[in-house]
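Have a look at the structure below before the remarks.
The values are calculated or read from the model by the stated rules, or taken from the named source; none is laboratory data. Just so it is clear, the model here is predicted, and its values are computed rather than measured. Cβ sites come from the backbone with ideal geometry, for glycine too, and all protein chains shown count toward neighbours.
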Amino acid sequence: MLLSQNSMLVLSKPNHKQEIIVKTMAGMEEILAEEITSLGAEHVEILNRAVKAQASSSTIYRINLCSYFALRVLVPIHHDVIHDEDHLYYSVKRINWTDIISPEQTLAVRSSVNSEYFTNSHYVELKTKDAIVDQFTAKFGKRPDVDLDDPDLVVNIHIYRNALTISLDSSGGSLHKRGYRISSTVAPINEVTAAGLIKLSGWNHEDTFIDPMCGSGTLLAEAILQKLRIPPQPINRKFGFQQWSNFNQEEWEEVVGQAIEMQLDIPDFKVYGSDLDDRAIECAEYNLAEAGLGRYAEIQKKDFHHYAETTKAHLIFNPPYDMRIESDDIIAEYKKIGDTLKQKFKDSQAWIISGNLDALKRVGLRPSKKMNMMNGPIESKFYKFEMYAGSKKAKYNK
């Protein structure tokens, strides 16, 4: 079904390797590269907000199901050099789309364009769609319909300058949509971002995991999934590759079975969350329960500054930035966070992601590690603070 640059069928034989492009969030390329290698990808190369690799069909299935850090898994099927809309149209039409989709199925075209030749991504998508459906109309007298919400096939168009890459989206929809966040608060953190923060923080899966400003519970859910090795995607999710004509149900069932076998059952394991907002507590409890993770989380309505003294804790904060969420005195709140960490969390570490650098500097602890991150559209910093017990001194700012 899938086509190479020379329009030859690929992925039709067991263990055949195909180029894939796996999209992710900025700053998470390295952990994604490590992850997909562990899932079976080969010849992995780090790109900007993506990694490129070679993968068999079963590896493509596995990455979609099991990757915590991937947003989409694209399978390139065609490359060309183009200079105008007509050239784009005929380049798209060179592909035998009737091997890929039937007239009874639906499609959507999504694009990423950075080119002096093409300045309107919507027009690029329209021209691509026209080329595909015109081929069907000429051959069968009928054509696939467009469905932007739940298509059978997602065609991805990437144009950089005059270089065209056409890919099929094996994920269908973005993989950050795990299916468990049914209820959300004002400024929820993206699931892939949350998963990446946990991995980048180096949580050892032994220290007590705490999100003291948990919102709708995304960090808590992602911590549980990683600790128990639970695939982030529900087994019954509709993936793009399941609509492809060469989809191998036996391979898919084998991938699912292996993922289930990898899961851990640790009855006494718990993560801890709190928030001051009743709505946030309600959202977090509801989401974790819907995901079947409720028994692994203890969530309370509590002021972080009223926590009891705790050791060996691993805290991750996504506090208000004073951008999407209003705060009476954001600077004072960050200073108070630092004071509480010093007083109550000896021999622990805290990670804070924030888009307010001025406020972050007022925590009053010297960060032992700094990372640049994106939290949605907001440029942010991810800082590590260490609090020591006994003879060691906390790293305080003077």
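Hey, any hits in the stretch 196-211 for a residue that's crowded, with 22+ Cβ neighbours inside 10 Å and in the same structural domain as Ala50 (by TED's automatic domain parsing)? Scanning the stretch 196-211, I find no residue that is crowded, with 22+ Cβ neighbours inside 10 Å and in the same structural domain as Ala50 (by TED's automatic domain parsing), so the answer is no. With respect to Ile378, determine if the residue is β-branched (Val, Ile, Thr) and modelled with pLDDT of 90 or more. Criteria not met by Ile378.
Val109 falls short on exactly one of the conditions (1) more than 26 Å from the chain's Cα centre (by Cα); (2) within 19 Å of Gln243 (Cβ to Cβ); (3) hydrophobic (A, V, I, L, M, F, W, C); (4) surrounded by 15 or more Cβ atoms within 10 Å (Cβ to Cβ), and that condition is (1). Here Gly215 passes the criteria (1) outside the structural domain of Ser348 (by TED's automatic domain parsing); (2) out of contact with any Lys or Arg (no Cβ under 8 Å at 6 or more places or on another chain); (3) of a type in the set (Gly, Ala, Ser) except the one numbered (1). Give the residues of the stretch 83-101 that are touching a residue at least 60 places away in the same chain (Cβ under 8 Å) and surrounded by fewer than 20 Cβ atoms within 10 Å (Cβ to Cβ), sorted by residue number. Selection gives His83, Ser91, Arg94, Ile95, Asn96, Asp99. Taking each residue of the stretch 261-273 that is in the same structural domain as Ile316 (by TED's automatic domain parsing) and looking for partners that are assigned to a strand (DSSP E or B) and among the acidic types (Asp, Glu) with beta-carbon atoms closer than 7 Å, six or more apart or interchain, yields Lys270/Glu298; Tyr272/Glu298; Gly273/Asp211. Annotation: of all residues in the stretch 102-154 being free of Cβ contacts under 8 Å to residues at least 24 places away in the same chain and of a type in the set (A, V, I, L, M), the one that is nearest to Asn48 (Cα to Cα) is Leu126. So, in the stretch 325-383, of the ones that are in contact with a helix residue (DSSP H, G or I) (Cβ under 7 Å, 6 or more places away or on another chain) and β-branched (Val, Ile, Thr), which residue ends up farthest from His306 (Cα to Cα)? My answer is Ile353.
Taking the stretch 156-262 and the helices (runs of 4 or more DSSP H) fully enclosed by it, no element has 1 or more residues that are over 18 Å from the mean Cα position of the chain (by Cα) and hydroxyl-bearing (Ser, Thr, Tyr).
Residue-level check: of (1) among the polar types (S, T, N, Q); (2) more than 13 Å from Pro212 (Cβ to Cβ); (3) touching a residue at least 60 places away in the same chain (Cβ under 8 Å), Asn318 misses just (2). Can you confirm whether the stretch 338-345 contains a residue that is surrounded by 20 or more Cβ atoms within 10 Å (Cβ to Cβ) and of a type in the set (Val, Ile, Thr)? Taking every residue of the stretch 338-345 in turn, none turns out to be surrounded by 20 or more Cβ atoms within 10 Å (Cβ to Cβ) and of a type in the set (Val, Ile, Thr).
A Cβ distance below 6 Å, combined with a sequence gap of six or more or placement on separate chains, defines the contacts here; from the stretch 236-248, residues that are free of Cβ contacts under 8 Å to residues at least 12 places away in the same chain and in the same structural domain as Ile101 (by TED's automatic domain parsing) reach no residue that is charged (D, E, K, R) and assigned to a helix (DSSP H, G or I).
For Gln135, the conditions (1) exposed (fewer than 15 other Cβ atoms within 10 Å of the Cβ); (2) over 29 Å from Arg62 (Cα atoms) all hold with the exception of (1). Can you find a residue that is surrounded by fewer than 17 Cβ atoms within 10 Å (Cβ to Cβ) and touching a Cys at 6+ places or on another chain (Cβ under 9 Å) anywhere in the stretch 170-182? Yes, some residue in the stretch 170-182 is surrounded by fewer than 17 Cβ atoms within 10 Å (Cβ to Cβ) and touching a Cys at 6+ places or on another chain (Cβ under 9 Å).
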